[in-house]
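This is the structure, below, for whatever I ask next.
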Amino acid sequence: EDQVTQSPEALRLQEGESSSLNCSYTVSGLRGLFWYRQDPGKGPEFLFTLYSAGEEKEKERLKATLTKKESFLHITAPKPEDSATYLCAVYETSGSRLTFGEGTQLTVNP
Amino acid sequence: DAGITQSPRHKVTETGTPVTLRCHQTENHRYMYWYRQDPGHGLRLIHYSYGVKDTDKGEVSDGYSVSRSKTEDFLLTLESATSSQTSVYFCAISAPGKLSDTQYFGPGTRLTVL
């Protein structure tokens, strides 16, 4: 069974304090790994898709990386507006659905 | 932003009553999904559709049914609502990607079953 584990569950940073969120996954074959951002009371917002180990994608202060067992979402010099819950999801090669982790709740204090 | 709307956005109902949630898309995408989101469980797939009148079960389909008579609309029905179905429900659509489908989510419906 596919498993996706995100850590930490919650993270508090000061504005400008860089850090990383982790997504560990167990699948028989990875078809794609997805990162989403979710603000309170809203639906998940798509950020990145990663397909193979070694791949990296960037968007503003966010950078996602992928290995064969985990993905990291690096946040460089975060701002309060980066506060949100970040969700990771995987799509298995033989599967027909996304499997989501429970998310990391990020709070960036000014 | 993907053109996805959900209605109603909030609903309070009583145990045993039927409830229908609607998802409407303007993107003409083939795939549509219904998820529920609960603390401690993350997002879980209820049902999905891969075309008009073509649907399949997800991870947590018991107690739910779906229908899709038009490309743009995907309905989720709780035939007899229970308190365990209190949740936030999200609709998603998928657009073809490089190697897999990227899913885009609607704003959600908060359902409370008393």
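The values are calculated or read from the model by the stated rules, or taken from the named source; none is laboratory data. Treat the numbers as computed from the prediction; the structure is a model and nothing was measured. Note that each Cβ is placed from the backbone with ideal geometry, even for glycine, and that neighbours are counted across all protein chains shown. Only protein heavy atoms, including side chains, enter the accessible area calculation; ligands, DNA and RNA are left aside. Shrake-Rupley method; radii C 1.70, N 1.55, O 1.52, S 1.80 Å.
Can you give me the relative contact order of the stretch B:4-113 as a percent, contacts being Cα pairs under 8 Å and 6 or more apart?
Reported as a whole number, the value is 35 percent.
Per-residue HN-Hα couplings for the stretch B:27-39, Karplus 6.51 cos²θ - 1.76 cosθ + 1.60 at θ = phi - 60°, whole Hz, x for Gly and Pro?
Values per residue, Gly and Pro as x: 9, 6, 7, 6, 9, 9, 9, 10, 10, 10, 10, 10, x Hz.
Run the dipole for the protein assembly as shown about the Cα centre, Lys and Arg Cβ at +1, Asp and Glu Cβ at -1, nothing else charged, and hand back the magnitude in debye, nearest 20.
Computed about the Cα centre, the dipole is about 300 debye.
Mind checking the mean number of beta-carbon atoms from other chains within 10 Å of the Cβ atoms in A:36-48?
Averaged over the peptide's residues, the number is 4.
Can you tell which of B:Gly16, B:Gly58, B:Ile93 lies farthest toward the positive end of the dipole of the stretch B:4-106, using +1 and -1 charges on the Cβ of basic and acidic side chains (Lys, Arg; Asp, Glu)?
With unit charges placed on the Cβ atoms, the residue in question is B:Ile93.
Using label points projected 7 Å from each Cα along Cα→Cβ, tell me how many nm separate A:Lys57 and B:Lys70, to one decimal.
Label-label distance for A:Lys57 and B:Lys70, simple model: 3.2 nm.
Say the cut-off is 25 Å between C-alpha atoms; which of A:Lys59/A:Lys79; A:Lys69/B:Lys57; A:Lys42/A:Lys68 go over it?
Correct reply: A:Lys69/B:Lys57; A:Lys42/A:Lys68.
How much length would be gained if the chain were fully extended between B:Thr26 and B:Thr86, taking 0.36 nm per residue of separation minus their Cα-Cα distance, in nm to one decimal?
Full extension of this stretch gives 18.8 nm more.
Continuing with the same structure: Using only the Cα atoms, what convex hull volume per residue in Å³ does the protein assembly as shown have?
117 Å³
Counting only heavy atoms of the protein chains, get the accessible area per residue of the protein assembly as shown (1.4 Å probe) and round it to a whole Å² value.
Averaged over the residues of the protein assembly as shown, the accessible area is 48 Å².
So, taking all protein chains as they sit and a 1.4 Å probe, how much accessible area belongs to B:Arg44, in Å² rounded to tens?
That residue has around 50 Å² of solvent-accessible surface.
Indicate, rounded to the nearest 5 percent, the antiparallel portion of the DSSP beta bridges found entirely in the protein assembly as shown.
90 percent
How big is the stretch A:3-109 along each principal axis, measuring the range of its Cα positions in Å and listing the largest first?
Cα extents, longest axis first: 41, 30, 20 Å.
A further question follows. For a label point 7 angstrom out from the Cα of A:Asn22 toward its Cβ, which stretches of the stretch A:73-103 have the backbone nitrogen within less than 12 Å?
A:73
Taking the Cα centre of chain A as origin and charging only Cβ (+1 Lys, Arg; -1 Asp, Glu), how large is the dipole, in debye to the nearest 20?
Once rounded to the nearest 20, the dipole reads 160 debye.
Based on the Cβ-Cβ distance of A:Thr67 and B:Glu14, what FRET efficiency does E = 1/(1 + (r/R0)^6) give at R0 = 41 Å, to the nearest 0.05?
Taking R0 as 41 Å, the efficiency between A:Thr67 and B:Glu14 is 0.25.
Return an integer: the convex hull volume of the alpha-carbon atoms of the stretch B:4-113, in Å³ per residue.
94 Å³
Taking 7 Å along the Cα-to-C-beta vector as the label spot, tell me the A:Glu45-B:Ser7 distance in nanometres, rounded to one decimal.
Label at A:Glu45, label at B:Ser7, 2.5 nm between them.
Each residue of the stretch A:8-24 in order: what ³J(HN,Hα) in whole Hz does its phi give by Karplus 6.51 cos²θ - 1.76 cosθ + 1.60, θ = phi - 60°, with x for Gly and Pro?
Going residue by residue, I get x, 5, 9, 9, 10, 10, 8, 3, x, 8, 6, 7, 9, 10, 10, 9, 9 Hz, with x marking Gly and Pro.
Between beta-carbons, use under 12 Å as the cut-off and find the net charge around B:Arg22, counting Lys and Arg +1, Asp and Glu -1.
Here the count lands on +2.
For the charge dipole of chain A, defined by +1 on Lys and Arg C-beta atoms and -1 on Asp and Glu C-beta atoms about the Cα centroid, which residue among A:Leu30, A:Pro78, A:Pro44 has the Cα displaced farthest towards the positive pole?
Towards the positive end, the residue furthest out is A:Leu30.
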